[in-house]
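The values are calculated or read from the model by the stated rules, or taken from the named source; none is laboratory data. Values in this document were obtained by computation on a predicted structure and should not be read as measured data. Cβ placement follows ideal geometry from the backbone for every residue including glycine, while neighbour counts extend to all protein chains displayed.
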Amino acid sequence: MSYIEQLGVISNNNSFKDEEGTRMQLVQLKKAGVDGIMVDVWWGIIESKGPKQYDWKAYRQLFKVVKEYGLKIQAIMSFHKCGGNVGDIVNIPLPQWVLDIGKSNPDIFYTNRAGTRNIEYLSLGVDNEPIFEGRTAIQIYSDFMKSFRENMLDFLEDGIIIDIEVGTGPAGELRYPSYQQNQGWIFPGIGEFQCYDKYMEEDFKKAAKEASYPDWELPSNAGQYNDTPEETEFFKKNGTYKTKQGIFFLTWYSNKLILHGDQILEEANKAFRGCTLKLAIKVAELTAGYYNLDERDGYRPIARMLTRHNAILNFTCLEMKNTEQSAEAYCGPQQLVQQVLSAAWKEKIKVAGENALPRYDSTAYNQILLNARPNGVNQIGEHALKMFGFTYLRVSDDLLEKRNFNLFKKFVKKMHANQEYCQYPEKYGNSIEPLAQSRPRVLIDNLLDATTPTEPYPFDKETDMSVDDGSFLAFIIGKLKSLMHSLNIQ
Ligand SMILES: OC[C@H]1O[C@H](O[C@H]2[C@H](O)[C@@H](O)[C@@H](O[C@H]3[C@H](O)[C@@H](O)[C@@H](O[C@H]4[C@H](O)[C@@H](O)[C@@H](O[C@H]5[C@H](O)[C@@H](O)[C@@H](O[C@H]6[C@H](O)[C@@H](O)[C@@H](O[C@H]7[C@H](O)[C@@H](O)[C@@H](O)O[C@@H]7CO)O[C@@H]6CO)O[C@@H]5CO)O[C@@H]4CO)O[C@@H]3CO)O[C@@H]2CO)[C@H](O)[C@@H](O)[C@@H]1O
């Protein structure tokens, strides 16, 4: 299934501002063969007037229009702020009444070592603190999702909303805000831990005491956003991260994130139980609170946590190739994608994906197609390794420009393995069942058993569904664009 994401369709004052323009885009997207659109449902817009004062009118108008075009909807429960991340073209803060609580109690926000607050998403430290006019953060998320279900019931019953992307952190991803551009971070700086609000600090102290290390504190030697690992005591070769104290901290930090995702998914399951849809969470790449080393798989425990909710793991960076990254970044997006997808498939959950950055060239499309079916199209039955869906970020004037859009259309067709559209999703293992109750919670020790590294599944070198097929000229243009991209020539 192929989807495309739209950012900024509903404005800050909760109106569907450009219905005509959206209709024109939807006509084009439908012609391109996409199955549906992904759209943020912003907490900051819907509950802006005050606690539990939800206003769904504008979203209902939007969904009605989307339905007219026979497109499906992936709805993101966006409990985060928009603005400040790469590609953010709109600024949508958290509800004012929440920001007001933050003025008298700034510890509700993620905080770095220097004490800088991040007002993008509530710290997971307040997940179970009843400090929001008597509600906890988790109760707020839960009430929001229940209200969404009540108010969108017709779209849910008609099978228009088929996927709920449950927001679990900044940018809607299960991560800490460890690499904030608006705090000065530049790629590929190491980022910073974000656990220095009083709630996280208290939690850590409690955990350390229970483990019989009451003197242990949160790290003070992990450097700053743009350091390299070697410049810090914590991350340098054989640094603190290798010590008993470092291991304890990293385990606590990454476990908190998994348990945060688990708890919100449990609420999402209660809210949407019985609806014919999939739940999903977006998982980001390294530095975001995943404790992932050569000798420790930080992703598979997340995948294992998702199994009890039968939720989809939605991973990013599918378009990236190692050769496009500068040498000093020491990053291998291809291996990372292979590791994460393999981990999820080994846990027998479904995987979906997104591109991290906007790309319009055939190299990027071919890389996505390779990851979507790492061993190619199986002509005689269901594919062994196959992603459940892919969402392209995002609709823009650049994408709709003629040459870019022609290639995009080809890409969508290749995602559909040259079929016109997914008429029989069940035939391709893509059927969607009514959401069953989450299974009982898995003990953290069982989740952590999944940290033992295993070999990832082998991926082919090239996709068998290349968008360059049949056109030598297109192939040459694609290669040139890719070269320009790696040389950073616009
Ligand atoms: O509506 C849904 C949500 O939408 C928004 O969130 C999404 C966001 O828009 C997406 O970008 C995505 O963001 C996440 C992402 O999933 C995370 O993985 C992470 O991204 C980091 C990424 O993984 C890292 O690799 C790194 O990226 C750097 C990259 O590796 C470097 O190569 C370099 O890229 C340069 C590039 O080299 C250069 O050539 C040029 O490329 C442009 C090209 O020239 C041009 O022709 C055209 O094709 O566009 C190309 C790309 O723009 O510029 C590139 C950019 O400078 O630097 C990269 C760093 O800038 O760091 C990434 C972090 O920045 O974190 C992202 C979030 O921060 O997924 C989000 C969730 O769906 C909204 O924010 C949400 O509120 C919405 O809910």
So is L370 more than 16 Å from the ligand (Cβ to nearest atom) and under 28 Å from L435 (Cβ atoms) or not?
no
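To keep it simple, each residue is scored yes or no on (1) more than 14 Å from K321 (Cα to Cα); (2) among the hydrophobic types (A, V, I, L, M, F, W, C); (3) at pLDDT 95 or above; (4) within 13 Å of the ligand (Cβ to nearest atom).
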position: L448; (1), (2), (3), (4): yes, yes, yes, no
position: T451; (1), (2), (3), (4): yes, no, yes, no
position: E455; (1), (2), (3), (4): yes, no, yes, no
position: F459; (1), (2), (3), (4): no, yes, yes, no
position: G470; (1), (2), (3), (4): yes, no, no, no
position: L473; (1), (2), (3), (4): yes, yes, no, no
position: L480; (1), (2), (3), (4): yes, yes, no, yes
position: H485; (1), (2), (3), (4): no, no, no, yes
position: I489; (1), (2), (3), (4): yes, yes, no, yes
From the option list I302, I281, single residue qualifying as assigned to a helix (DSSP H, G or I) and either buried (at least 22 other Cβ atoms within 10 Å of the Cβ) or without any contact (Cβ under 8 Å) to a residue 60 or more places away in the chain (or both) is I302
Scan region 311-323 for residues that are buried (at least 20 other Cβ atoms within 10 Å of the Cβ) and of a type outside the set (S, T, N, Q) and jot them down.
A311, I312, L313, F315, C317, L318, E319, M320
Does region 160-173 contain any residue that is surrounded by fewer than 24 Cβ atoms within 10 Å (Cβ to Cβ) and part of a loop (DSSP other than H, G, I, E, B)?
yes
Out of all the residues in region 383-407, which are of a type in the set (D, E, K, R), modelled with pLDDT of 95 or more and either within 24 Å of Y457 (Cβ to Cβ) or in a loop (DSSP other than H, G, I, E, B) (or both)?
E401
Failed condition for K103, given (1) among the basic types (K, R); (2) away from the ligand (no atom under 16 Å from the Cβ); (3) touching a residue at least 12 places away in the same chain (Cβ under 8 Å):
(3)
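Among the residues in region 311-319, are any within 12 Å of the ligand (Cβ to nearest atom), over 23 Å from T251 (Cβ atoms) and not in a loop (DSSP other than H, G, I, E, B)? Explain how you work it out, then say what you get.
In the first step, residues of region 311-319 are kept if they are within 12 Å of the ligand (Cβ to nearest atom); the result is 314-319.
Narrowing further to those that are over 23 Å from T251 (Cβ atoms): 314, 316-319.
Next, from what is left, pick out any that are not in a loop (DSSP other than H, G, I, E, B): 314.
Within region 311-319 (the criterion being within 12 Å of the ligand (Cβ to nearest atom), over 23 Å from T251 (Cβ atoms) and not in a loop (DSSP other than H, G, I, E, B)), the answer is yes, since at least one residue qualifies.
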Checking the conditions here, which among D35, D40 is under 30 Å from I368 (Cβ atoms) and either among the hydroxyl-bearing types (S, T, Y) or within 15 Å of the ligand (Cβ to nearest atom) (or both)?
D40
Do any residues in region 108-128 that are of a type outside the set (A, V, I, L, M) have Cβ atoms under 6 Å from those of residues that are in a strand (DSSP E or B) and surrounded by fewer than 21 Cβ atoms within 10 Å (Cβ to Cβ), where the two are at least six apart or on different chains, and which pairs are they?
F109/R117; F109/I119; T111/R117
